[in-house]
Amino acid sequence: MRPPEVPFYDLRATTAELRPALDAAWARVLDRGWYILGEEVERFEAEFAAMVGARHAVAVGNGLDALVLTLRSYGIGAGDEVIVPGVTFIATWLAVTAVGATIVPVEPDDATLTIDPSAVAAAITSRTRAILPVHLYGQPADMVALRALASRHGLPLIEDAAQAHGAVDADGTPCGRAGDAAAWSFYPGKNLGALGDGGAITTNDAEVATRLRALRNYGSRERYVHESVGTNSRLDELQAALLRAKLPHLSRWNARRAEIAERYTRALAGVPGVRTPSVRPGVRSAWHLYVIRTPERDALRAALADAGVEAHIHYPIAAHRQRAYADISLARAVLPRTEAAHAEVLSLPMGPHLSDAQVDRVVEAVGNALAAHV
């Protein structure tokens, strides 16, 4: 199969740009001969926490583990309810299921597709134990409104920040510092991606950080002394070193993503049948994804592929319609805005190494396809 002329995201370009620094990071780990919970992880945790503006960062094996361990660190389990967005990657839901808690899905804001604070307010019950918003596609959820709700009801506000490295909410608060704790993913395709799986939790709560450090390491902070039933979820030294090489470039890469998003939005503004992303005033999105909406989504994607443009769907099936949740009442959840979004969203190519010419090629292909009624 011929590779697309405009790939969705070019991981090789990032590697090529930083090859000397990545090679040096690799060599540093090999020369030190220490591969688990060593100096590279400690330094990355400190540097990442400083970037977020949090007091603590605890590096773990992947983004799903970051969510699960965060919920566990707050004692959330069977009999508890956790409010989650209807529109999200299924990992948000799986984390709640993994700790034995009950998923309470709510609808998104129709403009931004992030969780609707008014829907959250209506979903809170006496059994609610946490609110778990997602900074979807890199755009912060309305954390000012959600913080007020969480504070009013005495609930932890846990951010799923897997797509939001470097994003900032309308009040100037970076994602990862707006809630009580935030779970991050360093999957290779993220704005800050490892060369394998990786994750982290940031928090200002020293007690939560202490519990997390034990939970990720077999429930142990002292070798062979196990204070809780933990797991093995540790970011390894090599991935930490590679992430340290990439971290200083995150702000510049995000700025380029913002330029690309602006170019898309400006060019697509007059194209019939397309809704471009809506960003709340004052928000600085990380633009992890640039997601348009169109009733002609599937046909448009096929036409773009024919034109050499690779587009993806994030996500084609809503979590409550997945087979994983078919045997519980969630499969019968009434979430019309969620289902409408999943039927219409299409992610256009995005990444810091996308050229202006490639962006223009995408815009031309979208316009041509829709003009021909796809």
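Before moving on, here are some points about what is shown:
- Phi-derived couplings, Karplus 6.51 cos²θ - 1.76 cosθ + 1.60 at θ = phi - 60°, listed residue by residue for the range 9-21: 8, 9, 5, 5, 5, 5, 4, 5, 4, 9, 3, x, 5 Hz, with x used for Gly and Pro.
- The chain, relative contact order in percent, only Cα pairs under 8 angstrom and at least six apart counted: 22
- Entry comment: accessible area of the chain is 42 Å² per residue, from protein heavy atoms only and a probe of 1.4 Å.
- In terms of accessible area, using a 1.4 Å probe and ignoring ligands and nucleic acids, THR173, THR231 rank largest first as THR231, THR173.
- Rounded, prolate or oblate (a/c below 1.5 giving rounded, otherwise prolate when a/b exceeds b/c) for the range 76-141 by Cα gyration tensor: oblate
- Nearest-10 value in Å² for the accessible area of LEU238, using the 1.4 Å probe: 40
- Restricting the calculation to Cα atoms, the range 210-282 yields a radius of gyration followed by a Dmax of 21.9, 64 Å.
- What the Cα convex hull of the range 299-351 gives, in volume per residue, is 92 Å³.
- For the range 91-132, the relative contact order works out to 23 percent when only alpha carbon pairs closer than 8 Å and six or more residues apart are counted.
- Carbon and sulfur %, accessible surface of the range 105-184 computed with the full protein complex present, 1.4 Å: 48
- Coordinate range of the alpha-carbon atoms in the chain per principal axis, descending: 67, 54, 39 Å.
- Interatomic Cα distance distribution for the range 234-337, bins of 10 angstrom, percent: 11, 27, 29, 27, 6
- If you wrap the tightest convex hull around every Cα atom of the range 32-127 and split its volume per residue, you get 137 Å³.
- Using a probe radius of 1.4 angstrom, the carbon and sulfur fraction of the accessible surface of the range 23-69 is 57%.
- Relative contact order (%) - the range 81-209, alpha-carbon pairs under 8 angstrom, separation at least six: 18
- Area of ARG32 that stays accessible when all protein chains are in place (1.4 Å probe, Å², to 10): 90
- Given charges at Cβ of Lys, Arg, Asp, Glu: the range 35-118 dipole, positive-most of THR112, THR88, VAL58: VAL58
- Taking only protein heavy atoms and a 1.4 Å probe, the accessible area of the range 263-374 is 52% carbon and sulfur.
The values are calculated or read from the model by the stated rules, or taken from the named source; none is laboratory data. In this text the structure is predicted, and so the values were computed from the model without any measurement. Glycine gets a Cβ as well: all are built from the backbone with ideal geometry, and neighbour counts include every protein chain shown. Side chains included, ligands, DNA and RNA excluded: accessible areas come from the protein's heavy atoms. Shrake-Rupley method; radii C 1.70, N 1.55, O 1.52, S 1.80 Å.
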